[in-house]
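Enquirer: Below is a structure I'd like to ask you about.
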Amino acid sequence: MPKDRTKIAKCLFPAAGYGTRFLPATKAIPKEMLPVLTKPLLQYGVEEALSAGIQTMAIVTGRGKRAIEDHFDISYELEHQIKGTSKEHYLTEIRDVITKCTFSYTRQVEMKGLGHAILSGETLIGDEPFAVVLADDLCHNGGDSVLTQMVKLYDRYKCSIVAVEEIPIEDSNKYGVIAGNAEEDGVIRVTDMVEKPDPKDAPSNLAIIGRYILTPDIFDIIRETKPGKGGEIQITDALLAQAKEGKVVAYKFKGKRFDCGSVDGFVEATNYFYNKSGV
Ligand code: UTP
C-alpha cells in the first residue's frame with residue numbers, strides 16, 4: 001500500500017543543545033536523559049509521540065549524547081541479569097517503547113539553534129509533515145496527550161501548528177510569542193511571531209512551547225533563514241514566513257506543561273509526578 005504522505009508518521013526530537021542551565025549534571029549526561037522520577041525526559045516525549053500514533057522517532061543528537069542511543073536499545077547484559085527476578089517490571093515501559101518504535105539518529109555538528117537542529121533532521125524526515133517534540137518541555141494530560149490533540153487538529157487544518165500557552169507577560173523574553181486571529185475555540189491563525197520579545201514589545205501573552213507540527217516546506221525556509229536572536233537560526237523566524245501566507249495555526253493545548261529546561265520547572269515536574277504516582 002502506498003504511504004499516506006498527509007499523515008503525521010514521524011516525530012523529530014531536537015536534542016543536541018548543551019543544557020548549560022543544568023551544569024555540571026549535563027557535562028557528561030544529555031539534558032534529555034535527566035529523569036523525572038525514574039524516567040528520562042526523552043522517554044516521556046517518545047511515549048507522548050507513540051500515544052499520538054507515531055512510531056518513527058527521529059532524534060537530532062550531538063557530541064556526548066550516546067546515552068540516548070543506548071537507552072532506546074536492548075541491553076542484553078541487563079536483560080539477562082533481571083529476567084525472571086522481582087525487578088523485571090522496571091523494564092516494562094522501555095521494552096514496550098523499543099518494541100513499538102523505530103529510532104533513527106543524526107548529529108547536529110554545530111549548535112546553531114533550534115531552527116538549525118530541525119534542518120539537521122531533514123535527512124531523517126524527508127518530504128512529509130512531521131511532529132517536533134522538545135523533550136525538556138514535559139507535557140501531561142489525563143486524556144489525549146498534547147501531541148494527540150495536535151495531530152487531530154492537523155487532520156483538519158493541514159498546515160503547520162504551534163502549541164501555545166498563556167504566560168505572565170514579564171516572561172515573554174524566554175519564548176517565541178505569537179499574534180493572530182481566532183479561528184475557533186483554542187485555535188488562532190497566526191499573523192505574527194517574535195522570538196523572545198521584551199515584555200513591552202510582546203504581541204500577546206501567548207507563548208510557543210515545545211510541540212510543533214511542521215509541513216516539509218519548512219526545510220527550504222530554514223535554509224533561507226538568517227541567524228536571529230542570539231545569533232542562532234530560530235524556528236520562530238522560519239515559521240513567520242509560513243505565517244505570513246496564513247499557513248500557521250496556534251493551538252491552546254489542554255493539559256499541563258513543565259519547563260524542565262529550567263531548575264524550577266524540573267523540580268515542579270518532579271513533585272507533580274511524584275504526587276501523582278502515589279509512591
Ligand atoms: P534550549 O535552549 O532550551 O536548550 O533549546 P539548551 O541550549 O540545551 O539549554 P540551555 O539554555 O543551554 O540550558 C530547546 C531544545 O532545542 C534543542 C535542545 O536540545 C532542546 O531540546 N537544541 C537547541 C538543539 O538541538 N540544537 C541547538 O542548537 C539548540
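Enquirer: How large is the convex hull of the C-alpha atoms of the range 191-279 per residue, in Å³?
Expert: Considering the Cα atoms of the range 191-279, their hull volume per residue is 140 Å³.
Enquirer: Testing the spin-label approximation: label points 7 Å from Cα along Cα→Cβ at Asp171 and Asp220. State their distance in nm.
Expert: Spacing of the two 7 Å Cα→Cβ label points: 3.7 nm.
Enquirer: What are the GluC sites (Glu not before Pro) within the range 180-279 that DSSP puts in a loop, where the Cβ has at most 16 other Cβ atoms within 10 Å?
Expert: Counting only loop positions with at most 16 other Cβ atoms within 10 Å, the GluC sites (Glu not before Pro) in the range 180-279 are Glu245.
Enquirer: If you keep only loop residues by DSSP, which GluC sites (Glu not before Pro) in the range 59-112 have at most 15 other Cβ atoms within 10 Å of their Cβ?
Expert: For GluC sites (Glu not before Pro) across the range 59-112 that sit outside H, G, I, E and B with at most 15 neighbouring Cβ atoms in 10 Å, the list reads Glu110.
Enquirer: Based on alpha-carbon positions alone, could you give the equivalent ellipsoid semi-axes of the chain from the gyration tensor, as √(5λ), descending, whole Å?
Expert: Semi-axes from the Cα gyration tensor: 30, 21, 19 Å.
Enquirer: Could you tell me which of Gly53, Ile68, Leu23 has its Cα farthest along the dipole of the range 1-156 towards the positive end, charges placed at Cβ (Lys, Arg +1; Asp, Glu -1), taken about the Cα centre?
Expert: Farthest towards the positive end: Leu23.
Enquirer: Please determine, in degrees from 0 to 90 and to the nearest 10, the orientation of helix 263-277 with respect to the longest principal axis defined by the Cα atoms of the chain, where the helix direction is its Cα long axis.
Expert: Long axis of 263-277 versus the principal axis of the chain: about 60 degrees.
Enquirer: Rank Gly121, Ser204, Val133 by how far each Cα sits towards the positive end of the charge dipole of the chain (+1 on Lys, Arg Cβ; -1 on Asp, Glu Cβ) and give me just the farthest.
Expert: Gly121
Enquirer: How big is D, in µm² s⁻¹, for the range 25-96 by Stokes-Einstein at 20 °C and 1.002 mPa s if Rh is the Kirkwood radius over C-alpha pairs?
Expert: In µm²/s, the coefficient is 158.
Enquirer: Restricting attention to the range 1-56, which trypsin sites (Lys or Arg not before Pro) occupy a DSSP loop and are surrounded by at most 15 other Cβ atoms within 10 Å?
Expert: The qualifying sites are Lys3, Arg5, Lys7, Lys27.
Computed from the coordinates by the stated procedures, all read-outs in this text should not be read as laboratory data. Nothing here was measured: the structure is a model prediction, and the numbers come from that model. As a convention, Cβ positions derive from the backbone with ideal geometry for all residues, glycine included, and neighbour counts pool all protein chains shown.
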